[in-house]
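Inspection log for the structure reproduced underneath, given as structure tokens.
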There are 2 protein chains.
Amino acid sequence: MALFVQKYGGTSVGSTERIKNVARRVAKLYAQGHELVVVVSAMSGETNRLITLAKEIQTNPDPRELDVMVSTGEQVTVALLAMALKELNIKAKSYTGAQVRILTDNAYTKARILKIDEDRIRSDLKAGNIVVVAGFQGIDDANNITTLGRGGSDTTGVALAAALKADECQIYTDVNGIYTTDPRIVPEARKLKTIIFEEMLEMASLGSKVLQIRSVEFAGKYKVKLRVLSSFEEEGEGTLITFEEDNNMEQAVISGIAFNRDEAKITILGAPDHPGVAYQILGPVADANIDVDMIIQNVSHDGTTDFSFTVNRSEFANTMGILKDKILPHIGARDIMGGDKIAKVSVVGVGMRSHAGIASKMFRVLAEEGINIQMISTSEIKISVVVDEKYMELAVRVLHKAFDLDRAQ
Amino acid sequence: MALFVQKYGGTSVGSTERIKNVARRVAKLYAQGHELVVVVSAMSGETNRLITLAKEIQTNPDPRELDVMVSTGEQVTVALLAMALKELNIKAKSYTGAQVRILTDNAYTKARILKIDEDRIRSDLKAGNIVVVAGFQGIDDANNITTLGRGGSDTTGVALAAALKADECQIYTDVNGIYTTDPRIVPEARKLKTIIFEEMLEMASLGSKVLQIRSVEFAGKYKVKLRVLSSFEEEGEGTLITFEEDNNMEQAVISGIAFNRDEAKITILGAPDHPGVAYQILGPVADANIDVDMIIQNVSHDGTTDFSFTVNRSEFANTMGILKDKILPHIGARDIMGGDKIAKVSVVGVGMRSHAGIASKMFRVLAEEGINIQMISTSEIKISVVVDEKYMELAVRVLHKAFDLDRAQ
């Protein structure tokens, strides 16, 4: 008998028929004697419907109130899934984030989980219940409703798996595993049986969107076994995320091509090149709870330097405002510029560590297609470039082919 | 400076435009220096949308889970109204029933309020906030979400007004006051400037549907000044509900005609006429949390009697089942019969106490129209008859005219 935490995304619970399917799938596992905690997202489209409603009232909806609103999406789904399980004569109980007491900080719309009170879930499981928990939401220590940001339901799943010491956290989604890249862009993309945690982290953070990055970090931190599966296939083992390189196997040099078109770039031109400037620039941005992705600073000349970074596209206007109001007047930089018509494309793979020449190959392939590289950033296991948004799909396709990702492992 | 609790129903907050209107109206009063707590219902149509969704999963949705679901309707509205107030640069804060801690019993879908923790609201008011509270919902002592049943938002408003010792509880709705009867049925119906609490109680319980009965009981118990107003008219004083007969004024004999088509009747034929039978019949019905409205038992003959009562139409099948399974086998009655194609029509007025002949006039007027009376029940200030559903509107019209309700007071 094992304890599984399963998470079903918005598409998997997108209609009452699909919710009934999820109930049947969960019931099958329950009949085998396993204990089950099921985390669900809002029905697909629901969160957007609510945000649209909020924007009819406020162009920039108040974050506290927005969280009160959008958290209702998951609250509806947990009730529906609990009903569907009861309809199959299974004991089930739904919980909101507030009811479980998923304690978070108070960064509305992107809160972080601090602590989970798992006692009530444990006693419900012991009493034979399937416990259904609303993803994506929590409560701060003053009982204000918070949300974890888009994709936060994955984080809820992993955090619950960690708190309950579950045997596996199974993330059900509309794909049947992790692919070498998005099959909608490259039809030859292949499913990976396993992927190493660090690669997965890069793939997720770079926008492959199968899993939310914070959930993968969480899984790594608490050593939660994480599996991605399809909720639309009866069989299939999905992709298991592992935490160690398998030394018995020849690693592929590159595991996949990731991409992200939700970014915007900002450059501070002619910033004085002395200690503390980077902090002066990014401090106020971080204080506003804006996540910064790439950060690039090249060697300086004439005592000044150009400092660039990328943020989520939805934070572009906000970040530009903060820079103009709070930063530019204080640091004596020449100017600020930015653009949101960009995309980031990355090659990812732990094998990169022991292979030279990946970067040059990547740049050559892009050059051959006439794709100009605007920014470059690298880590031990990935190389990312920022290109004009319109070239993104072409870049992904040619890189996928150039690194032989369409051939069997 | 006064403290007002205002309540806006589903039609008044039926769109984001209407929510903005409510915000402007609230803002005007706030600008005059008053303290305001605003209770809102779900946007019109939303509760039904959610119930329909639930019924796609379970024909009889699990009550606990149904409450988890439908309570999201008000949660969305409080957030939207708080946003609309902030858009007008007013400090505002939304609360769910759980957050206020509106403590109820655990009778899901028809819970009763036990206690309200008003401390947090008081300190928010003191800090200059308009406090927006979700109507219709609460939480039991095990932190399960409960709802108060249809129309429960009125009860939330009155209960908050009582807890906060508010100067007035103003119920905004789509009508501009209490009428002698429903103007949709009788165009000549007139608005009453005041109505005595006991009359209002009868009018509400009999289905005039302007206010929920429990809210009126609550208001009477805690002496909350209750006013019904229209949210679609800028001016207008609505109808004030008073608690004492005004001795300086000649009371109208009859204040209004109420009606209710949401009822079903059940008769136990040939029940043994000995002490305890009425309890044996109604005990299990009450245990199932089914509200019984009229109860009628006539004199017995041959040692048996016929015992009749009415319940809400939605509980008809359930009640019949309980009677057949749990009651009939034990009390030795001859048979049971029932029907749900009935309506109740009542004449209401405190003036009735001192005037004879109201009943005979009522029965004569109905007889002249060929309307057969199936059941009769009376109280000090009302006379109710059950008639075939198809005659209901006709009965209301002829009674309204016969008692001169279309003429000015």
Number of the condition not met by B:GLY33 [criteria: (1) away from chain A (no Cβ under 13 Å); (2) on the phi < 0 side of the Ramachandran plot]: (2)
Members of the range A:297-324 that are over 22 Å from the mean Cα position of the chain (by Cα) and in contact (Cβ under 8 Å) with a residue 24 or more places away in the chain: A:SER300, A:GLY303, A:THR304, A:THR305, A:ASP306, A:PHE307, A:SER308, A:MET320, A:ILE322, A:LEU323
For B:ARG25: the one exception among (1) within 13 Å of chain A (Cβ to nearest Cβ); (2) touching a residue at least 24 places away in the same chain (Cβ under 8 Å); (3) open to solvent by 10 Å² or more (accessible area, probe 1.4 Å); (4) part of a helix (DSSP H, G or I): (1)
Residues of the range A:76-95 that turn out to be within 24 Å of the chain's Cα centre (by Cα) and more than 16 Å from A:LYS7 (Cβ to Cβ), as a count: 1
Some residue of the range B:314-321 being surrounded by fewer than 15 Cβ atoms within 10 Å (Cβ to Cβ) and within 30 Å of B:GLU393 (Cα to Cα): yes
Matching residues in the range B:1-22 - criterion: being in a helix (DSSP H, G or I) and farther than 18 Å from B:CYS169 by Cβ: B:THR16, B:GLU17, B:ARG18, B:ILE19, B:LYS20, B:ASN21
In the range B:37-53, residue surrounded by the fewest Cβ atoms within 10 Å (Cβ to Cβ) [restricted to those that are assigned to a helix (DSSP H, G or I) and in contact with a helix residue (DSSP H, G or I) (Cβ under 8 Å, 6 or more places away or on another chain)]: B:ILE51
Residue ranges of helices (runs of 4 or more DSSP H) in the range B:275-337 with at least 3 members more than 26 Å from B:PHE259 (Cα to Cα) and out of contact with any Leu (no Cβ under 7 Å at 6 or more places or on another chain): B:277-287, B:328-331
Residue list for the range B:67-80, restricted to those being within 7 Å of chain A (Cβ to nearest Cβ) and either touching a Phe, Trp or Tyr at 6+ places or on another chain (Cβ under 6 Å) or closer than 9 Å to B:LEU50 by Cβ (or both): B:MET69, B:THR72
Residue selected from the range B:1-22 under the condition open to solvent by 10 Å² or more (accessible area, probe 1.4 Å) and closer than 14 Å to B:VAL131 by Cα, by the criterion nearest to the other protein chains (Cβ to nearest Cβ): B:LYS7
Matching entry among A:GLU237, A:GLU233, A:GLU199 (being modelled with pLDDT of 80 or more and either buried (at least 16 other Cβ atoms within 10 Å of the Cβ) or at positive phi (or both)): A:GLU199
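Listed here are the residues, each with its yes/no results for (1) facing another protein chain (nearest Cβ under 8 Å); (2) in contact with a Phe, Trp or Tyr (Cβ under 8 Å, 6 or more places away or on another chain); (3) closer than 23 Å to A:ILE121 by Cβ; (4) in contact (Cβ under 8 Å) with a residue 24 or more places away in the chain.
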site	(1), (2), (3), (4)
A:VAL39	no, yes, yes, yes
A:ALA42	no, yes, yes, yes
A:THR47	no, no, no, yes
A:ASP62	yes, no, no, no
A:GLU65	yes, no, no, no
A:ALA82	yes, no, yes, yes
The one condition in (1) touching a residue at least 40 places away in the same chain (Cβ under 8 Å); (2) over 16 Å from A:THR267 (Cβ atoms) that A:MET294 fails to fulfil: (2)
Residues of the range B:84-94 classified as in contact with a helix residue (DSSP H, G or I) (Cβ under 7 Å, 6 or more places away or on another chain) and within 9 Å of chain A (Cβ to nearest Cβ), total: 5
Residue list for the range A:353-387, restricted to those being over 18 Å from A:ALA343 (Cα atoms), hydrophobic (A, V, I, L, M, F, W, C) and in a loop (DSSP other than H, G, I, E, B): A:ALA356, A:ILE381
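The values are calculated or read from the model by the stated rules, or taken from the named source; none is laboratory data. Keep in mind it's a predicted model, so treat the numbers as computed, not measured. No Cβ is skipped: glycine too gets one built from the backbone with ideal geometry, and neighbour counts run over all protein chains shown. For the accessible areas, the whole protein counts, side chains as well, though only heavy atoms, and no ligand, DNA or RNA atoms are used. Shrake-Rupley method; radii C 1.70, N 1.55, O 1.52, S 1.80 Å.
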